[in-house]
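The values are calculated or read from the model by the stated rules, or taken from the named source; none is laboratory data. Everything numeric here is computed off the predicted structure, so don't read it as measured data. Every residue, glycine as well, gets a Cβ built from its backbone with ideal geometry; the counts of neighbours run over all protein chains shown. Accessible surface is based on the protein model in full, side chains and every heavy atom, while ligands, DNA and RNA are left aside. Shrake-Rupley method; radii C 1.70, N 1.55, O 1.52, S 1.80 Å.
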Amino acid sequence: FRAKQLGKTIFYYRKAQKLSPRDNDIETNLNYSRLFVIDKIKSSPNFSSVFIDKILNWGTVNEFTFLTFLFYLGSASLGIVTFFKREKIIKRALAAFLVIFLVLIFFATIKISRDSQWREAVVISSDVEVYSGPGKEFTLQFTGHEGLELKIEQEKDDWYLVALPNGAKGWLPKASLEKI
């Protein structure tokens with residue numbers, strides 16, 4: 001940030017955020033850095049996607065996997081105890097553990113899928129021209145600036161097809177991005 005490399009700053013804060021998603025210092029510094037981005041593109045997410053994103057961004061894949069494993073062990077243990085003691089409180093606890101276990105499997109699966117398929121990137125060039133196809137001979141659609149965050153949808157030769165948070169898509173050179 002002090003070296004005035006806004007793209008690299010946001011890139012490294014986003015990488016740090018993936019490793020430690022609940023670190024308030026990373027979040028604060030990332031949000032402060034985003035104030036200096038020229039392209040302030042907002043999306044209009046619905047309530048359910050915001051809710052699911054908050055849950056998925058709460059932890060890492062390893063944390064979700066560990067919690068799922070713990071609730072699996074708890075469910076198995078309570079299942080064994082329920083087999084020998086048929087008390088209502090144990091049956092209710094087993095039901096609760098099973099529900100939480102299934103919800104955790106759902107979110108862990110989504111988290112693993114999202115982390116392996118969603119390739120996010122940050123523009124590190126001071127400005128980059130975004131074209132309608134993979135090459136400079138295509139129509140220039142718009143210009144992106146350093147620090148712009150986007151998703152990579154496709155790759156062809158030295159070009160990426162990217163999608164912006166507002167849904168706009170275009171092709172830009174690979175050298176102008178850093179993949180998170």
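Within the bounds of the range 37-55, is there any residue that is under 26 Å from residue 128 (Cα atoms), surrounded by 15 or more Cβ atoms within 10 Å (Cβ to Cβ) and modelled with pLDDT of 85 or more? The answer is yes, given that some residue of the range 37-55 is under 26 Å from residue 128 (Cα atoms), surrounded by 15 or more Cβ atoms within 10 Å (Cβ to Cβ) and modelled with pLDDT of 85 or more. Considering only residues in the range 123-145 that are charged (D, E, K, R) and in contact with a strand residue (DSSP E or B) (Cβ under 6 Å, 6 or more places away or on another chain), the one that is modelled with the highest pLDDT turns out to be 129.
Is at least one residue of the range 126-143 among the polar types (S, T, N, Q) and closer than 30 Å to residue 67 by Cβ? Within the range 126-143, none of the residues are among the polar types (S, T, N, Q) and closer than 30 Å to residue 67 by Cβ. Check the range 101-116 and report whether any residue there is in contact with a His (Cβ under 9 Å, 6 or more places away or on another chain), under 30 Å from residue 34 (Cα atoms), open to solvent by less than 40 Å² (accessible area, probe 1.4 Å) and not in a strand (DSSP E or B). No; the residues of the range 101-116 include none that is in contact with a His (Cβ under 9 Å, 6 or more places away or on another chain), under 30 Å from residue 34 (Cα atoms), open to solvent by less than 40 Å² (accessible area, probe 1.4 Å) and not in a strand (DSSP E or B).
Pairs meeting the criteria (first residue in the range 3-28 and within 18 Å of residue 176 (Cβ to Cβ), second residue surrounded by fewer than 16 Cβ atoms within 10 Å (Cβ to Cβ) and hydrophobic (A, V, I, L, M, F, W, C), beta carbons under 8 Å, at least 6 apart or on different chains) are 6/36; 9/1. At least 3 residues being open to solvent by 60 Å² or more (accessible area, probe 1.4 Å) and either more than 23 Å from residue 34 (Cα to Cα) or not hydrophobic (A, V, I, L, M, F, W, C) (or both) is the threshold, and among the strands (runs of 3 or more DSSP E) wholly inside the range 124-180 those reaching it are 149-156.
For the range 132-158, a tally of residues being more than 14 Å from residue 119 (Cα to Cα) and either without any contact (Cβ under 8 Å) to a residue 40 or more places away in the chain or out of contact with any helix residue (DSSP H, G or I) (no Cβ under 9 Å at 6 or more places or on another chain) (or both) returns 15.
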